[in-house]
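All remarks here apply to the structure that follows.
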């Protein structure tokens with residue numbers, strides 16, 4: 001059985017060398033992405049929770065981790081814009097062609113707009129991520145922008161997630177945002193920890209990325225938004241807070257992080273545009289109130305309510 005030992009030993013050595021090579025590649029050439037490149041998801045929206053939305057929507061990511069079409073090729077006479085922020089930018093349950101960054105792209109690709117910009121095509125990539133406050137967005141943008149030569153415009157719709165995070169902590173007078181690690185900030189990154197177990201190895205991560213790039217599989221998700229109805233019920237049964245403590249501590253953190261975020265963006269972007277988050281400035285009727293579901297003191301979606 002000596003030959004069997006040689007085979008096992010050779011296989012183990014080959015695996016070690018392969019995994020070491022994969023980790024070296026990740027360390028020296030790995031990239032950071034807001035979304036998993038080439039990810040494609042088909043969402044079946046829960047009709048009871050979200051009857052206003054399309055029953056079937058799609059979420060598709062391009063080769064550089066943006067939700068949207070493929071970016072301009074090197075040397076192409078094109079205008080490249082990026083939209084970033086929280087859930088109002090992410091538009092997770094809206095179809096690919098109904099999210100507002102895509103609608104901006106449609107408007108900017110009108111002949112008169114292209115003529116004004118002096119380009120043949122406008123591309124707007126969406127790197128919005130739900131519940132990303134300005135602090136984590138700084139980390140995300142630093143990682144993502146390393147791989148752009150330049151960007152013509154960055155849209156920022158930020159701030160709501162900072163308010164949500166502060167509210168979830170009960171509106172403390174001394175506010176320290178919760179830290180987010182790379183696994184929460186990026187959907188794809190070169191950082192470990194890795195294991196010699198093939199399921200948790202660097203080689204598997206590279207192989208999975210290659211498979212998505214080659215086959216472009218579609219993930220199917222059913223009853224998307226079902227948890228929203230439970231959150232609505234929790235809100236309806238809870239106490240509505242009409243007042244909150246002084247938000248100055250949160251606003252000071254937000255102000256400093258926003259300055260830093262704009263400074264990071266200006267390192268690569270020719271223009272930075274801060275966009276107001278939309279809001280409803282009127283009293284809501286009972287039917288409209290019924291559709292509200294977030295947020296509050298504690299994390300209602302996880303059952304933690306104060």
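The values are calculated or read from the model by the stated rules, or taken from the named source; none is laboratory data. Values in this document were obtained by computation on a predicted structure and should not be read as measured data. Neighbour counts are summed over all protein chains in view; Cβ atoms, including those assigned to glycine, are modelled from backbone coordinates with ideal geometry.
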Notebook entry, point to check: Which of the residues belonging to region 72-112 are touching a helix residue (DSSP H, G or I) at 6+ places or on another chain (Cβ under 6 Å) and under 24 Å from residue 139 (Cα atoms)?
Noted result: 83, 86
Margin query: Checking the structure you have, find out if any residue of region 256-273 is part of a loop (DSSP other than H, G, I, E, B), in contact (Cβ under 8 Å) with a residue 24 or more places away in the chain and either closer than 17 Å to residue 140 by Cβ or within 22 Å of the chain's Cα centre (by Cα) (or both).
Written below: yes
Next item on the list: Give the residue, chosen from 144, 124, that is in contact (Cβ under 8 Å) with a residue 12 or more places away in the chain, within 30 Å of residue 249 (Cα to Cα) and within 18 Å of the chain's Cα centre (by Cα).
Entry: 144
Check: When you scan region 234-251, how many residues do you find that are surrounded by fewer than 12 Cβ atoms within 10 Å (Cβ to Cβ) and either free of Cβ contacts under 8 Å to residues at least 60 places away in the same chain or touching a helix residue (DSSP H, G or I) at 6+ places or on another chain (Cβ under 8 Å) (or both)?
Finding: 7
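The rows are residues; the columns are (1) within 30 Å of residue 168 (Cα to Cα); (2) modelled with pLDDT under 95; (3) assigned to a loop (DSSP other than H, G, I, E, B).
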residue	(1), (2), (3)
112	no, no, no
115	no, no, no
119	no, no, yes
122	no, no, no
131	yes, yes, yes
136	yes, no, no
142	yes, no, no
Check: Within the bounds of region 189-205, is there any residue that is closer than 30 Å to residue 45 by Cβ, assigned to a loop (DSSP other than H, G, I, E, B) and either modelled with pLDDT of 90 or more or more than 23 Å from the chain's Cα centre (by Cα) (or both)?
Finding: yes
Margin query: What pairs come out if I take residues in region 161-174 that are more than 22 Å from residue 138 (Cα to Cα) and pair them with residues that are modelled with pLDDT of 90 or more and not in a helix (DSSP H, G or I) whose C-beta lies under 8 Å away, six or more apart or interchain?
Written below: 171/245; 171/247; 172/245; 173/245; 173/246
